[in-house]
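For reference, the structure is listed below as structure tokens.
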Ligand SMILES: [Zn+2]
């Protein structure tokens, strides 16, 4: 797919942000020094070969709304958080130019590529977005906008908090279980807590849209376990954000 898209999920290494967002924080909304974030973004853009001013970001409100990104939207949120696309947690586009960028510290990044219609989608799925079915919403939006056939899509679920570190209430477990439709996404941990596998929940939701199992890649990295490589909101509270990047060439 490298001829069709540029894509990556970053680690926390090799940036210039100071503790507790050390060092490769890429998000403008977590009270970091703005110049440090822009420097980090420039570094990433150089490494991947895109214009940092083409970064196109979303507000990320833990909802299920999807924005259709046009060529002229390229750069929304590249320099100022207030200029990002408001009210959404997922971005889709068939334009060459916008570099879709969402930011994470435990939530799950979901990448979609439709190689037939040359369209892409990127979602931010925490437990709320997962329970709201954002991974299905993004496929439906691509079907509507671009005529995407899920059976032809490639999907990837990136690093996020693993079931090893994610205890949730019964209510949260039930809601994600209902959305994913498979008992294997939760396990009872104690009288009052459940272990939740957010990545697996999104895997089941993607599969239910018609994407073949063999076309869905899933990371086994837990952002909470691996403090060398990843920021984790659950583990650290005040911290930085990794970026998922997806752009058409
Ligand atoms: Zn873990």
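What nm value, rounded to one decimal, do you get for the distance between residue 165 and residue 31 when each label is placed 7 Å out toward the C-beta?
2.1
Once a ≥ b ≥ c are taken as the square roots of the eigenvalues of the Cα gyration tensor of the chain, is the result rounded (a/c under 1.5), prolate (a/b larger than b/c) or oblate (a/b not larger than b/c)?
Values: a/c = 1.80, a/b = 1.11, b/c = 1.63.
Oblate.
Under Stokes-Einstein, with the Kirkwood radius over Cα pairs standing in for Rh, what whole-number D in µm²/s applies to the range 21-151 at 37 °C and 0.692 mPa s? Intermediate results must be reported in sequence, preceding the final value.
Values: Rh = 14.9 Å.
It diffuses with D of about 220 µm²/s by this estimate.
Quick one: length gained pulling residue 188 to residue 174 fully straight, 0.36 nm per residue minus the C-alpha distance?
Details: separation 14, 0.36 × 14 = 5.04 nm, distance 1.14 nm.
So the extension gain works out to 3.9 nm.
Can you work out D for the range 143-212 in µm² s⁻¹ from Stokes-Einstein, where Rh is the Kirkwood radius over C-alpha pairs, the temperature is 20 °C and the viscosity is 1.002 mPa s? Write down the numbers at each step before the final one.
Numbers: Rh = 13.1 Å.
Rounded, D is 163 µm²/s.
Would you please put 97-107, 143-153, 211-221, 82-92 in order of how densely packed they are, using the mean number of other Cβ atoms within 10 angstrom per residue and starting with the highest? Each step should come with its number before you reach the end.
Values: 97-107: 26.0, 143-153: 17.0, 211-221: 14.1, 82-92: 20.0.
Descending mean neighbour count gives 97-107, 82-92, 143-153, 211-221.
Just how far, in whole angstrom, is the range 140-156 from the range 13-83 if you go by their alpha carbon centroids?
Here the two parts' Cα centres lie 26 Å apart.
Counting only helical runs of four or more DSSP H residues, what would the 222 nm mean residue ellipticity of the chain come to if each run contributes -39,500 (n - 2.57) and the total is spread over all its residues?
Working: 6 runs with 59 residues, N = 249.
Value at 222 nm, helices only: -7000 deg cm²/dmol.
With the crude spin-label approximation of a point 7 Å out along Cα→Cβ, what separation in nm comes out for residue 226 versus residue 213?
Result: 2.5 nm between the two label points.
Laboratory data are not the source of any read-out in this text; all were calculated from the coordinates shown. Computed from a predicted structure; not experimentally measured. Backbone-built Cβ (ideal geometry, glycine too); neighbour counts: all protein chains shown.
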